[in-house]
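Written out below as structure tokens is the structure these notes cover.
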Amino acid sequence: MEPTSRFGYPARRVVSDPVDGRLVVVANRLPVRWDPRAGRWETSPGGLVTALEPVLAERKGVWVGWTGTPDHAPEPFEVDGITQVPVPIAEDEVETYYEGFCNGTVWPLYHDAIRPVEIHRHWWRPYVEVNRRFAARVADIVRPGDRVWVHDYQLQLVPGFLRELVPDTRIGFFLHIPFPPPEIYGRLPWRTQLVEGLLGADVLGFQTRRAVLNFAGAARMFGGARGRAQSLEYRGRSIVAETVPISIDADHYRALSLAHETVSRAYNLRRSLGKPSSILLGVDRLDYTKGIDLRLRAFETLLQRRPDLHGDVVFIQVAVPSREQVEEYQVIRGRVEQLVGRINGEFGRPDWIPVYYLYRSLPQDELIAYYRAADVMVVTPLRDGMNLVAKEYVATRTDGTGVLVLSEFAGAAEQLDEAFIVNPYDLDQMAAVLEQAVSLSPDEQRTRMAALRRSVSRFDVHWWASECLASLDG
Ligand code: GDG
């Protein structure tokens, strides 16, 4: 089926009038890191930089953000043609603004409050302070004709502050995580301030239609905005909130997956596991939103139900360390590791380990070999803005085989509905789907995968960037 008709995304718009001004990207982190051995800054690989590379090559780019080191803000410098403008964040603000308000309050709240939302006034004040500092730094360097594009939940007040400081600047905002329903969002004591901050933008991009509707609801309820998402009226201005699902550089993943080295790595991986008939794979930051624990329990249920599969199926879970200072992350790590031990203890044999657990980040080429080796990719977050892992897996399946099991609560499910869609809270259903997935015929795998691959290659990250920028250019 033609993906455009289903989601009503507009076809790729061609920007006919080139914009003279620069693109000023504002994000919590700069897209560079210091390489102590080489003694210089290097671009750190990441989705957003890849997405913006072609655009930033065409027009002059400026990136405003934090270096990642507390109290560190050198003078602006240039890396690969992008001017980097550091904003300082103090050590105590890392605890209050970043670990506290961003990751202890907003993160769980915006993921449907699946973990207790901690609300502290002494976290809110630094959040305002840091957002004000980012806005002031942007206002220092912005020139007439520049477009400013603010990213994510750490900087929701920046558009509003910028509207006061540089009222005529065209401002965009993109939220990478979900926006919750107004009744959940409304718990926040500062619900009005945050929504007013966001309404400082001219255009707001969200991952899903649901997020757009939720935001428009909150904007009317708590910000006094009027009208529909496509044209919200607020303080005499008209604001657009739209669905622009982020994606990956599909060509890049396809090419890396076809590289000789990747193919032989994937082969060796399978061989070292004793050539099981089915390899299931999970790849996530170790975050409680990702549903790793319930996924393992579903696999455990499958092993209980189907003793004949013992020795024949393996589950590899790559869990990338994340936010290790935040207590809930220590709790989920303990829970996942206990489950891995329980399953391996209960079912493992000298010739077979059911679950391989890797608590680390893999180099990207190795990760792609894992995707290539995996027969079933299990992406079952409890709530996720988009989930790029699902799209990466699809892009690497160059022979058209492979099965994607995808949570209905991932933003990606709005686009990838040819996947096996599951409710990650329903262990019986998940176990049944895993059972079906490990024995799916190659023909059926190919039919589903072909549709998924069409969607991922058409709506790739270049589509995303051009959509967002066409709206931002106005
Ligand atoms: C947020 C939102 C939204 C993972 N393990 C390794 C590794 N990764 C890479 C993946 C992927 C990225 O990390 C993870 O992206 P996700 O989209 O899956 O999830 P979040 O980190 O939670 O991202 C999310 C995203 O922002 C973009 O808007 O989709 O919903 O939560 O690219 O490949 N990379 C390497 N080694 C690993 O072990 N090299």
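If you wrap a convex hull around the alpha carbons of the chain, what volume per residue comes out, as a whole number of Å³?
Roughly 147 Å³ of hull volume per residue.
Quick check: from the Cα gyration tensor, does segment 388-474 come out rounded (a/c under 1.5), prolate or oblate?
Taking the square roots of the gyration eigenvalues as a ≥ b ≥ c, segment 388-474 is oblate.
Just want to confirm a number: the relative contact order over segment 250-458, from Cα pairs under 8 angstrom separated by 6+ residues, in percent. Numbers along the way, then the final one.
On the way: 367 pairs, mean separation 54.9, N = 209.
Taking the mean separation of contacting Cα pairs over the length of segment 250-458, I get 26 percent.
Karplus couplings for segment 463-471 from phi (6.51 cos²θ - 1.76 cosθ + 1.60, θ = phi - 60°), rounded to Hz, Gly and Pro as x?
Per-residue couplings from phi come out as 4, 4, 5, 6, 4, 4, 6, 4, 5 Hz.
Given a 1.4 angstrom probe, I'd like the percentage of the accessible area of the chain that is carbon and sulfur, rounded to a whole number.
Numbers: 9510 of 19550 Å².
Whole-percent figure for carbon plus sulfur exposure: 49.
Using a 1.4 angstrom probe, figure out how much accessible area the chain has per residue, in square angstrom, rounded to the nearest whole.
Working: 19550 Å² over 474 residues.
Per residue, the chain has 41 Å² of solvent-accessible surface.
List the residues, sorted by chain then number, that are 5 or more residues from I421 or on another chain and whose placed amide H is less than 5 Å from its amide H.
For I421, the qualifying residues are L406.
Would you work out the relative contact order for segment 393-474, in percent, from Cα pairs under 8 angstrom that are 6 or more residues apart? Mind showing how you got there, number by number?
Details: 67 pairs, mean separation 28.0, N = 82.
Computed over segment 393-474, the figure is 34 percent.
Taking N as the number of residues in segment 280-319, what is its alpha-carbon radius of gyration divided by 2.2 N^0.38 Å? Walk me through the intermediate numbers first.
Numbers: Rg = 11.1 Å, N = 40, 2.2 N^0.38 = 8.9 Å.
Compactness ratio reported: 1.24.
Quick check: residue separation of K60 and V263 times 0.36 nm, minus the Cα distance between them. What number comes out in nm?
69.3 nm
Going highest first, how would you order 381-390, 138-147 by mean Cβ packing within 10 Å?
381-390, 138-147
With +1 on each Lys and Arg Cβ and -1 on each Asp and Glu Cβ, how big is the dipole of the chain about its Cα centre, in debye rounded to the nearest 20? Don't jump to the answer; show the numbers that get you there.
Details: 55 positive and 62 negative charges, 108 e Å.
For the chain, the charge dipole is close to 520 debye.
Of all beta bridges DSSP finds with both residues in the chain, what is the antiparallel percent, to the nearest 5?
20 percent
If L188, L256 are ordered by their accessible area, calculated over protein heavy atoms with a 1.4 Å probe, which sequence runs from highest to lowest?
On the way: L188 5, L256 50 Å².
Reading off the accessible areas and sorting them downward yields L256, L188.
Under the definition of Cα pairs under 8 Å and six or more residues apart, what whole-number percent is the relative contact order of the chain?
About 14 percent, as a whole number.
Explain nothing, just compute: Karplus ³J(HN,Hα) = 6.51 cos²θ - 1.76 cosθ + 1.60, θ = phi - 60°, for every residue of segment 380-393 in order, whole Hz, x for Gly and Pro.
10, x, 7, 6, 8, x, 10, 5, 7, 4, 4, 6, 5, 4
Would you mind checking which residues have amide H under 5 Å from A225's amide H? H placed 1.01 Å from N; only 5 or more apart, or other chain.
R220
Going by the alpha-carbon gyration tensor, a ≥ b ≥ c the square roots of its eigenvalues, is segment 250-458 rounded (a/c under 1.5) or, if a/c is not under 1.5, prolate (a/b greater than b/c) versus oblate? Each step should come with its number before you reach the end.
On the way: a/c = 1.29, a/b = 1.16, b/c = 1.11.
It is rounded, given that a/c, with a ≥ b ≥ c, falls under 1.5.
For the chain, find the longest principal axis of its Cα atoms and tell me its angle to the long axis of helix 47-58, 0 to 90°, nearest 10.
Helix 47-58 sits roughly 50 degrees off the main axis of the chain.
Can you list residues whose amide H is under 5 Å from W66's amide H, if they're 5+ apart or on another chain and H is modeled 1.01 Å from N?
R29, L30, V87
Can you bin segment 322-405 into rounded, prolate or oblate? Criterion: square roots of the alpha carbon gyration tensor eigenvalues sorted a ≥ b ≥ c, rounded for a/c under 1.5, prolate for a/b above b/c, oblate for the rest. Show your work: numbers first, answer last.
Working: a/c = 1.95, a/b = 1.21, b/c = 1.62.
Oblate, since a/c reaches 1.5 and b/c is not below a/b.
Where in segment 233-280 are there trypsin sites (Lys or Arg not before Pro) that are in a DSSP coil and have at most 16 other Cβ atoms within 10 angstrom of their Cβ?
Sites meeting the loop and neighbour criteria: R235.
Tell me, what HN-Hα J-couplings in whole Hz come from the Karplus equation 6.51 cos²θ - 1.76 cosθ + 1.60 at θ = phi - 60° for each residue of segment 359-364, using x for Gly and Pro?
Using θ = phi - 60°, the values come out as 9, 5, 9, 9, x, 4 Hz.
What does DSSP give for segment 250-458 in terms of the percent of beta bridges that are antiparallel, rounded to the nearest 5?
That works out to approximately 5 percent antiparallel.
The values are calculated or read from the model by the stated rules, or taken from the named source; none is laboratory data. Nothing here was measured: the structure is a model prediction, and the numbers come from that model. With ideal geometry, Cβ positions are generated from the backbone for all residues, glycine too; neighbour counts draw on all protein chains shown. When the accessible area is computed, the model is the full protein with side chains, heavy atoms only, and any ligands, DNA or RNA have been set aside. Shrake-Rupley method; radii C 1.70, N 1.55, O 1.52, S 1.80 Å.
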